[in-house]
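Chemist: Sharing a structure with you now.
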Amino acid sequence: MGNRTELEKLGEFGLIDHISKDFESHQPSTVKGIGDDAAVIDAGDKYMVVSTDMLVEGVHFNLMYAPLMHLGYKAVVVNLSDIYAMNADATQVTVSIAISNRFSVEAVAELYKGIKKACDLYKVDLVGGDTTSSHAGLIISVTAIGEVKKDEIVYRSGASENDLIVVSGDLGGAYMGLQVLEREKEVYKENPNIQPELEGFDYILERQLKPEARKDVIHFLKEMGVKPTSMIDVSDGLASELLHLSKASGLGLSIYDEKLPVDQETFNVARDFNITSSTAALNGGEDYELLFSIKQSDFDKIKDNKHFTVIGHFNDKNSVATIVERNGTIQEIKAQGWNHFNKD
Ligand code: ADP
Ligand code: MG
């Protein structure tokens, strides 16, 4: 019998490295393969970018609290987020679903209502997909396609020492929204007569159930004449994404806890759950904000834009990724919450 290695030993990113290491490029048009938010393909006078993400029932969503329309919307949006993370414009999507007969035609129609809403808002075209049956839960896989002028493409790997690290919007909200939904689910399971207490959590629930991709950020940056030196979207939590930028750019970095943008509602709910809002921001995930770096000389162009917060800077190649705590202590950043294989 051959050896058996448990998936959790490698983790998600270790597994991706493991399966991709034996593949080499055959096509000169493959500009960037595995390892960024989207693959980059030479399409003549432009680059085409392609990204796929899958949502699995019981892993990424729970139909007890995620309405199907929102789920369809979110499935598209999380994929568009990866396209914008390349500084590209999203143009088309394909949508594949694996579905059981537990669902009705009306339920599928709800799902596609959300998909259509996202397509209309972000001006992308649904151009194909696949439909199959599932004996387990619902699975939705979306592939998003985009385009970008060749000199405007931004990778995770382009940062230089002293570049400023910037994040759009605020962080940790989607995670706290999920905590509220999970709490109410448990209450409901124990006593279905109790109405869920969801009042006062509008912002964080929307962040979790109906996130938006930051198409507007790409637009602002173009208007300001700022091209990020590196960029990634925040899907797995700030800590994990910072480590990706650090590794891809081959540089250390410092961020400052006191600079992390957190909404008041996120802050309050985190406190109620006995965690710091920084923990939610660093390890929560699903914020779908853009995390990027800019040259210091571009600081004046972005500093008055309320959507952007400078949270730190890149350091030299011999350093690691660190966070400066509020009391001045410096901690190495460790990714948590990204290993789906050992999550419950
Ligand atoms: P993101 O969080 O931006 O969606 P991922 O962490 O899912 O990115 O993926 C990182 C990289 O690994 C991407 O280039 C993605 O296309 C690639 N990748 C992920 N899973 C696989 C797989 N099973 N086979 C080949 N490439 C994969
Ligand atoms: Mg991404």
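Values quoted throughout were computed directly from the atomic coordinates according to the rules given, and no laboratory measurement underlies them. Just so it is clear, the structure is predicted and the values come from calculations on it, not from any experiment. Cβ coordinates were reconstructed from backbone atoms using ideal geometry, including for glycine residues, and neighbour counts include every protein chain displayed.
Chemist: What would the Debye equation give as log₁₀ I(q)/I(0) for region 225-341 at q = 0.18, 0.22 Å⁻¹, counting only Cα atoms as equal point scatterers?
Modeler: Ignoring solvent entirely, the Cα scatterers give -1.00, -1.45.
Chemist: Report the antiparallel proportion of the DSSP beta bridges in region 40-147 as a percent, rounded to a multiple of 5.
Modeler: 70 percent
Chemist: What do the square roots of 5 times the Cα gyration tensor eigenvalues come to for the chain, in whole Å, largest first, as semi-axes of the equivalent ellipsoid?
Modeler: Equivalent-ellipsoid dimensions as semi-axes: 30, 26, 21 Å.
Chemist: Using a 10 Å cut-off on Cβ atoms, rank the peptides 94-106, 272-284 from the highest mean neighbour count down. All intermediate terms of the calculation are to be shown ahead of the outcome.
Modeler: Numbers: 94-106: 14.3, 272-284: 20.3.
Taking the mean over residues of other Cβ atoms within 10 Å, the ranking is 272-284, 94-106.
Chemist: Let me ask another. Check which residues have an amide H placed less than 5 Å from LEU138's amide H, if you skip close sequence neighbours.
Modeler: Those qualifying (amide H under 5 Å, at least 5 residues apart or on another chain) are GLU57.
Chemist: Let me ask something else about it. Under 18 Å from a label point 7 Å along Cα→Cβ of VAL187: give me every residue in region 44-69 with its amide N that close.
Modeler: Output list for this probe position: 64-66.
Chemist: Return the Rg/Rh ratio of region 1-159 with Cα-based radii and a Kirkwood Rh.
Modeler: For region 1-159, the value is 1.02.
Chemist: Percent relative contact order of the chain, based on C-alpha pairs within less than 8 angstrom and at least six residues apart?
Modeler: Values: 704 pairs, mean separation 73.4, N = 344.
Relative CO of the chain lands at 21 percent.
Chemist: Roughly how many nanometres apart are two label points built 7 Å out from the Cα toward the Cβ at ARG102 and ASP42?
Modeler: 4.8 nm
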